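Colleague: Have a look at the structure that comes next, please.
The values are calculated or read from the model by the stated rules, or taken from the named source; none is laboratory data. The shown structure was predicted, so the numbers you read here are calculated from the model rather than taken from an experiment. Because the Cβ atoms are built from the backbone with ideal geometry, glycine has one as well, and the counts that use them run over all protein chains shown.
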Amino acid sequence: MAIWNMTKEKACLIRIHVASGFFPRLIGLLGTVRPDRKWALLINPCNGIHTIGMRYPIDVLFLDRDGRVLEKVESLKPNRWHKPALLSASVLELVAGEARLMGIEEGDLLRILPDQVHQPGFSALGNLLQKPLDVLIAFLWARFVYTASIRYTGDGQWMNLGILVHNTLLAFFFLTRRRTIETTSRPLDWGVPLLTLGATLMLRPSPASGSLPEVVSAILQAAGMTGIILSLISLGNSFGIVPANRTIVRKGAYRLVRHPMYTSEIIFYTGFLSGNPSPRNIFLVLGILAGQLWRALLEERLLCHDPDYRTYGESVRHRFIPGLF
């Protein structure tokens, strides 16, 4: 409802959310994507805060039991820890610059009139866990980098070099990728990409007889791997597996079609299947192709809420094949 500065006899009209449970206090403002000067968060009890996973700076007021400002921290940047204020009973978090605009100083006595209980959603938990998960996945993916490097140094084949480059880029982008603006929360939207990824890891060599399938397979796999690597480079740190908005990419391969990564993967796995046509691989590749098409539709359903993506879709009209589809 308001913050009443009793020292200066001044009222500041602003919505106040109160975080008093463990989970709301742990999450804080992590569930917010953009700063909103119309509301603030009161964390009670609290004597220390962090901004790990935040996307914008905040002002922080450490308050004692009476509501007196013990310490004012202005424009605390994202991904920082702040030392605890031992005598603090609660903390008020505002958008950066708001404390100055309200004229609040250390020593001021505040009376805070809250509006509602803070209830962070699924996206807030995702923001908190994203970086630790990215580091863990990159660490696990380093195993594939190591395996590909052993194979390439052992036989010197160009395909193993391509796989080495591909896996190295994936490990790097998992470490450096951007935080999401919006991530899907539907279980199906998580399940399809993860099952598709799992199917790619279950493929096994089963060479076909004859030179023609081998040549066709090599050409398609080379074209597909080249496209995958170029698409990854174009995506950069906007890379992800689960449908999410990590800013709209328009450069490189994404100038030609909206889903060059999936197009390239379809070409690559079709090439793999033409040279390794076992019943197991046929079943898996068909599942991979269906999964990639489904992923493209999932992503577009999420991204169509972003005006930038709708503008991008008007300029790049085809999903997979330039001028056709």
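Colleague: Do you know which residues across region 29-87 are basic (K, R) and in contact with a helix residue (DSSP H, G or I) (Cβ under 9 Å, 6 or more places away or on another chain)?
Modeller: Those that are basic (K, R) and in contact with a helix residue (DSSP H, G or I) (Cβ under 9 Å, 6 or more places away or on another chain): R37, R55, K72.
Colleague: Ok, one more. Here are the criteria: (1) in a loop (DSSP other than H, G, I, E, B); (2) within 24 Å of S238 (Cβ to Cβ). Tell me which single one S209 does not satisfy.
Modeller: (2)
Colleague: Okay, moving on. Within region 271-325, which residues are among the polar types (S, T, N, Q), surrounded by 15 or more Cβ atoms within 10 Å (Cβ to Cβ) and in a helix (DSSP H, G or I)?
Modeller: Selection gives S274, N281, Q292.
Colleague: May I pose another question? In the list S264, S315, which residue meets the criterion of being closer than 30 Å to G210 by Cβ and not acidic (D, E)?
Modeller: S264
Colleague: Further question: Please determine whether any residue of region 123-134 is surrounded by 16 or more Cβ atoms within 10 Å (Cβ to Cβ), in contact with a Lys or Arg (Cβ under 7 Å, 6 or more places away or on another chain) and modelled with pLDDT under 80.
Modeller: yes
Colleague: Select, from P84, P78, P57, the only residue that is modelled with pLDDT of 90 or more and in the same structural domain as W39 (by TED's automatic domain parsing).
Modeller: P57
Colleague: Are there any pairs with C-beta distances below 7 angstrom linking a residue in region 224-246 that is in the same structural domain as P307 (by TED's automatic domain parsing) to a residue that is of a type in the set (V, I, T) and assigned to a helix (DSSP H, G or I), with the two at least 6 apart or on different chains, and if so which?
Modeller: Taking only residues 6 or more apart or on different chains, the pairs are G224/I267; G227/T263; G227/I267; I229/V165; N237/T176.
Colleague: Does G240 fit the bill of being under 21 Å from the mean Cα position of the chain (by Cα), under 23 Å from A148 (Cα atoms) and surrounded by 15 or more Cβ atoms within 10 Å (Cβ to Cβ)?
Modeller: So G240 passes the test.
Colleague: List the residue pairs whose Cβ atoms are under 8 Å apart, where the first residue sits in region 299-318 and is in contact (Cβ under 8 Å) with a residue 12 or more places away in the chain, the second is of a type in the set (G, A, S), and the two are 6 or more positions apart or on different chains.
Modeller: E300/G313; L302/A244
Colleague: Go through region 233-267 and give me each residue that's of a type outside the set (V, I, T) and within 21 Å of L195 (Cβ to Cβ).
Modeller: Matches in region 233-267: F239, G240, P243, A244, H259, M261, Y262, S264, E265.
Colleague: Of the conditions (1) under 19 Å from the mean Cα position of the chain (by Cα); (2) touching a residue at least 40 places away in the same chain (Cβ under 8 Å), V257 fails just one. Which one is it?
Modeller: With respect to (1) under 19 Å from the mean Cα position of the chain (by Cα); (2) touching a residue at least 40 places away in the same chain (Cβ under 8 Å), V257 is out only on (1).
Colleague: Would you kindly identify the strands (runs of 3 or more DSSP E) lying entirely within region 42-155 that contain at least 2 residues that are free of Cβ contacts under 8 Å to residues at least 40 places away in the same chain?
Modeller: Hits in region 42-155: 58-63, 69-76.
Colleague: Same structure again: Name every residue in region 228-270 that is under 22 Å from E182 (Cα atoms), among the polar types (S, T, N, Q) and not in a loop (DSSP other than H, G, I, E, B), in order of residue number.
Modeller: S231, S234, N237, S238, N245
Colleague: Test L29 against the stated conditions and say whether it is closer than 17 Å to S88 by Cα and not acidic (D, E).
Modeller: Taking the combined requirement at face value, the residue does not satisfy it.
Colleague: Further question: Looking at region 18-34, which of the residues that are assigned to a loop (DSSP other than H, G, I, E, B) and surrounded by fewer than 18 Cβ atoms within 10 Å (Cβ to Cβ) is modelled with the lowest pLDDT?
Modeller: V33
Colleague: If T200 passes every condition in (1) crowded, with 19+ Cβ neighbours inside 10 Å; (2) among the hydroxyl-bearing types (S, T, Y); (3) in a helix (DSSP H, G or I) but one, which one does it miss?
Modeller: Condition (1) is where T200 drops out.
Colleague: For region 172-190, enumerate the residues that are among the hydrophobic types (A, V, I, L, M, F, W, C) and surrounded by fewer than 19 Cβ atoms within 10 Å (Cβ to Cβ).
Modeller: Scanning region 172-190 gives F172, L175, I181, L188, W190.
Colleague: Here's something else I'd like to know. Given (1) in contact with a Lys or Arg (Cβ under 7 Å, 6 or more places away or on another chain); (2) at pLDDT 85 or above; (3) of a type outside the set (V, I, T), where does R179 come up short, assuming only one miss?
Modeller: Exception for R179: condition (2).
Colleague: Follow-up. Consider L235 against the criteria (1) closer than 24 Å to D189 by Cα; (2) at pLDDT below 90; (3) touching a helix residue (DSSP H, G or I) at 6+ places or on another chain (Cβ under 8 Å): it satisfies all of them except one. Which criterion is unmet?
Modeller: L235 satisfies every listed condition except (2).
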